[in-house]
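Working notes, beginning with the structure itself.
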Amino acid sequence: MLRIYGIKNCDSVKKALKFFKDNNIETELFDFKKQNPPCDKIKLWALDAGIDKLFNSRGTTYRTLNLKELNLDETGKIEWLCKESMLIKRPVIEYEDKVLVGFDEKLYKETFL
């Protein structure tokens, strides 16, 4: 079973969930609105996917917190991701000890079908 991290009302998460449902792939949603992922997990995601892929610098939370002004390095970005899960680009999909960040239908087809 794939584990999808995100929030239910996020368009990218909705697309990912629909993709997996349409292809009869069982998933489990870890909702960031209900709980934050452990910081150790976030650090692993950053290592696997890359901090720039994982850190959402285009979202409302990033702008609201004025993080652009801080000119964060990788360590700073990870610290913020651990404090504020809404800064994590969604969805994050864990599969076979790997991680995929964001929705990309072509990549999903190549990876999961």
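Of everything in region 80-113, what is of a type outside the set (A, V, I, L, M) and exposed (fewer than 14 other Cβ atoms within 10 Å of the Cβ)? Give them in sequence order.
Narrowing region 80-113 to residues of a type outside the set (A, V, I, L, M): 80, 82-85, 89-91, 94-98, 102-106, 108-112.
Once the filter is applied, which keeps residues that are of a type outside the set (A, V, I, L, M) and exposed (fewer than 14 other Cβ atoms within 10 Å of the Cβ), region 80-113 yields 83, 96, 97, 98, 105, 106, 109, 110, 111.
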(request) List every residue pair whose Cβ atoms sit under 7 Å apart, with the two residues 6 or more apart in sequence or on different chains, where the first one lies in region 1-13 and is at pLDDT 95 or above and the second, anywhere, is β-branched (Val, Ile, Thr) and part of a loop (DSSP other than H, G, I, E, B). (result) 13/7
(message) Suppose we keep only residues that are touching a residue at least 40 places away in the same chain (Cβ under 8 Å) and not in a helix (DSSP H, G or I) within region 14-49. Which one would you say is surrounded by the fewest Cβ atoms within 10 Å (Cβ to Cβ)?
(response) 23
(request) Could you identify the single residue in 58, 90 that is more than 24 Å from residue 38 (Cβ to Cβ) and not in a helix (DSSP H, G or I)? (result) 58
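The values are calculated or read from the model by the stated rules, or taken from the named source; none is laboratory data. This is a predicted model, so every value here is computed, not measured. Quick reminder, even Gly has a Cβ in these numbers, built from the backbone with ideal geometry, and neighbours come from all protein chains shown.
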